[in-house]
Structure formats: structure tokens, C-alpha cells
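To start, the structure itself, in C-alpha cells.
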Amino acid sequence: MNQYRTLLPIGVAVLALLVYSCTFVVKQYEVAIKLRLGEIVSDQYGPGLHFKLPLINTIEVFDRRIQTLDSRPERFLTIEKKDVIVDSYAKWRISNAAQFFRSTGGSSARTSRLLSERINTSLRDEFGKRTIQEVVSDDRLELMQILTKEVNANTEDLGVEIVDVRVKKIDLPPEVSESVYQRMRAERERVARDLRAKGSEAAERIRADADRQRTVITAEAYRQSEEIRGEGDARSAEIYANAYSVDPEFYAFYRSLGSYRQAFGNGGDVLVLEPDSEFFRFFRQQQAPVEAIGR
């Protein structure tokens, strides 16, 4: 009886060890493959408890969540044969566990190295098709989409999926920066000169139009003034004519008085005329009519 009590815990322990060695657990965020003597026999394991043969089967478990590969900055050539220093990173995850194990052996270091090489190859190809200005100024989203598609095509044999490729920063080497800045400065100066030329042209056009309008307005005003003056002269002549037709003698006398007033009104002027001049016609009239006119 005592012997049974001694062997029971040992039997339970052996049974527990056997059960433990025959089972494995796959978590929700993991993917697993089963190997038999180093050869893959199955990779269809969802989350949960699964069984294996101890000492014959080996289980490899990998994290299938999205992981980040932060590469060190690399130098690439643009289409102008100018260097740019690109700092990038990629988001990836395992898409085929069996292929991933065959290609990388499940090694994180080897996976990072292989992915970096292929991402850098795609980056080198894309930057080699563009100028520095296009790389710096153009739409980055389109470039990232193209890179992601190309890298995915290049990493299918690794059993991974590239979710996204992003460029964090693009720097210019010191020897390239100055030439780029000079080119940008020259471009800005050209645009400024073009704008100044257009402004000068617009100013001349506005000034010429203003001069034309001034000439037209002045001519129109002069025409109107001449018309008004002509109408006034015509009206004056009409009034004079009507007055003359009513009493020609009185009209002649009235006009003579105006002439006398204008001639003798200044005081300091000297007027030399013949005594029998027509200008003194009314002075030669009889005394009585002159006095009557004076009254």
C-alpha cells in the first residue's frame, strides 16, 4: 500500500510531463508550423491547443503581428547623378509561415537583413528615375505606394507581406546642398524677374490707357465748350440783330457809348484821331439833341 502511495505521484508527474510534451498552445497573435525531423509537415494552426509527437515533432512559433523595420540611412543617386541620403522604415508581417521559415530559418537578424537589401534596391531604383526636385517636392504618397508595391513583389519568396514603406527624411550631402540651393535661388530670381517684367508691362498699359482717356476727355470737353461758346455767340448776335432791327439809330448810339467808355475809361491812355472821324459822329450832332440825350 505504501508502495502505491509512493508510485502514484510519480505516475501523475510522468503523465503530466507526457501530456505537456504532446501539446502546444498557439496564441491569438501567433502562427506556428510543425516539423518532423526537421521537415515541415503542417502550418495550418489557428489559435488554441494542438497536439504533437514528442521527440519526433518540433514546433516553431512566430509573431504574426505587424512589425517595424527601421533601416539605417542610405545614400542613393538621382537621375541627375546627385546623391541623397534617405532615412526610411517599413511595416511588415508574416504572410506564409512555412515559406518564411524556409527562407529565413526564423532568424530575426536574417529577416531584417534580407528585407533591408530588397527595400534599398527598390528605393535605389525609384530615386534613380527622379530628379532631386521631384524627390523633395513631388507627392510623397504616390512614391510610397509605388515602393510598397515593388517591395511586396520582391519579398514574396520570403513569406512576408510589406504593409507600408515610408521615407522619414531626405537629406542632401554637403557637396550637393549648395548647388541645389543655388539652383533654387536662380529659379526664384528668374520668377521674380518675370513677375517684375509683367508688372512693368501692366503699368505701361494702364498708364497708356489713362493718357488716352485723358486726351479723349479733354477733347470732348473742348468740343462741348466750343459748342456752348458758339451757341452763346449765336444768341448774342441774335440779340444784337433784334435790337438793331427795333431802332438802328439807338443801337448805333448805344454801341458808340460802349466804345467811348472803353476808350476813355482808362484815363492814362492817349488817343489820336481826326476831328471829322466817324468815331466822333455823335459829338458832331446838334447841341439840342445831345442835351436831350444827356437828360
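Worth a mention:
- A simple packing score, the average count of other Cβ atoms within 10 Å per residue, orders the peptides 156-165, 63-72 as 156-165, 63-72, with the highest score first.
- Counting neighbouring beta carbons within 10 Å and listing from fewest to most, the residues THR121, THR78 come out as THR121, THR78.
- Backbone N within the stretch 31-62 under 20 Å of label point (7 Å from ALA13 Cα along the Cβ vector): none
- Selection from GLN44, THR58, GLY128 lying farthest towards where the dipole of the stretch 18-150 points positive, charges on Cβ: THR58
- Likely footprinting exposure, LYS34, LYS82, fewest C-beta neighbours within 10 Å first: LYS82, LYS34
- Each label was represented as a point 7 Å from its Cα along the Cα-to-Cβ direction; for SER245 and ALA210 these points are 5.4 nm apart.
- Links that overshoot a 25 Å alpha carbon limit, given the list LYS149/LYS169; LYS81/LYS198; LYS81/LYS169; LYS52/LYS91: LYS81/LYS198; LYS52/LYS91
- Computed label-point distance, nm, for sites GLU161 and LEU257 using a 7 Å Cα→Cβ extension: 12.1 nm
Read-outs: derived from the displayed coordinates by stated rules, not from any lab. Small disclaimer: the values here were computed from a predicted structure and weren't measured. Heads up, the Cβs are rebuilt from the backbone with ideal geometry, glycines too, and the neighbour counts pull from every protein chain shown.
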